[in-house]
Amino acid sequence: MLKRLTFGQYRSKNSVLHSLDARIKIIYIVVLGILSFAIKSKFEIIVFSLFIVCVVLLSKMSLNELVKNLRPFYFIFIFLLLMYLIFSRSQIILGLRYIWRFLMLIIMSMLLTYTTTIRDLIAAIENLSKPLKIFKIKPRNIAVMISVAVRFIPLMFIRFEKTREAMVSRLADFRKIRHVKLLVLNLLEKMLKSASNLSDAMHSRLYNEDAESRGIMKLGKSDYISVIVVITLILIIY
């Protein structure tokens, strides 16, 4: 199921979202994430949902890709819905709203990594983190840690699928706690090994934590237009 997972992976396409400045996209995720939790009425939910649908279309992400990337989260959605049905049926509408908000956050995060290269993502996070220098925190380290964590998401899913298939071929029964424990331990071991290999590779390439990105990031015409669109969305909802 996860062999063709693209969550957390960049796809090179000629779209409006791909052309936007990475800093702007990160800020949008924060602003729209806060906005999604402030939404209460049905009208606001419909407007915000239509906006996200339009953004997905502008990114040129196919419906097939969108569905595949959301599959790992279906269990969480179903689990949350069942919890409300079993323990709090009177608040099922509230539960559906929380599931919707969670879905919106996942889609927005997916679009960020789908339309932004790792280089631009690091440069954007580093640029936005510069005020932290006041507290003697190095922006470059923050940028590298966050970008690596994001890129490890698809790797984790792929390793999970391969480990599960290997255990199934050895007649593992995941209804037994012992086999589930082995699956988790094997996956954890492989992920730690990958992290160790990445660390060794960075050291071998003389990674300098004190260095700063020299790339010059400038806002373009599409960035300013997108700001107007997002502000308009906020004004419509409020």
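Can you pull out the residues in the stretch 71-83 that are in contact with a helix residue (DSSP H, G or I) (Cβ under 7 Å, 6 or more places away or on another chain) and modelled with pLDDT under 85? Before the answer, list the steps.
Filtering the stretch 71-83 down to residues in contact with a helix residue (DSSP H, G or I) (Cβ under 7 Å, 6 or more places away or on another chain) leaves 72-73, 77, 80-81.
The answer is 72, 73, 80.
Looking for something under 15 Å from the mean Cα position of the chain (by Cα) and either modelled with pLDDT of 90 or more or surrounded by fewer than 16 Cβ atoms within 10 Å (Cβ to Cβ) (or both) - is there at least one such residue anywhere in the stretch 41-54? Yes, the conditions are met somewhere in the stretch 41-54.
Looking at the stretch 55-71, which of its residues are of a type in the set (A, V, I, L, M) and open to solvent by less than 70 Å² (accessible area, probe 1.4 Å)? Full working, then the answer.
Within the stretch 55-71, the first condition is being of a type in the set (A, V, I, L, M), and the residues that meet it are 55-58, 61, 63, 66-67, 70.
Scanning the stretch 55-71 gives 55, 56, 61, 66, 67, 70.
For residue 142, indicate whether it is out of contact with any His (no Cβ under 6 Å at 6 or more places or on another chain), at pLDDT below 85 and surrounded by 16 or more Cβ atoms within 10 Å (Cβ to Cβ).
Judged against the criteria, residue 142 is a match.
Here residue 2 passes the criteria (1) under 27 Å from residue 117 (Cβ atoms); (2) open to solvent by 50 Å² or more (accessible area, probe 1.4 Å); (3) at pLDDT below 90 except the one numbered (2). Once the stretch 170-184 is narrowed to residues that are in a helix (DSSP H, G or I) and open to solvent by 90 Å² or more (accessible area, probe 1.4 Å), the residue that is nearest to residue 126 (Cα to Cα) is 181. In this entry, residue 109 passes the filter for residues that are open to solvent by 30 Å² or more (accessible area, probe 1.4 Å), polar (S, T, N, Q) and within 17 Å of the chain's Cα centre (by Cα). Screening residue 131 against (1) in contact with a Pro (Cβ under 9 Å, 6 or more places away or on another chain); (2) under 25 Å from residue 57 (Cα atoms) leaves a single unmet condition, (2). Report yes if residue 157 is aromatic (Phe, Trp, Tyr) and buried (at least 19 other Cβ atoms within 10 Å of the Cβ), otherwise no. Judged against the criteria, residue 157 is a match.
The values are calculated or read from the model by the stated rules, or taken from the named source; none is laboratory data. All figures in this text were calculated on a predicted structure; none of them were measured in a lab. Cβ: placed from backbone, ideal geometry, glycine included. Neighbour counts: every protein chain shown. Side chains are part of the model used for accessible areas, which takes the heavy atoms of the whole protein and leaves out ligands, DNA and RNA. Shrake-Rupley method; radii C 1.70, N 1.55, O 1.52, S 1.80 Å.
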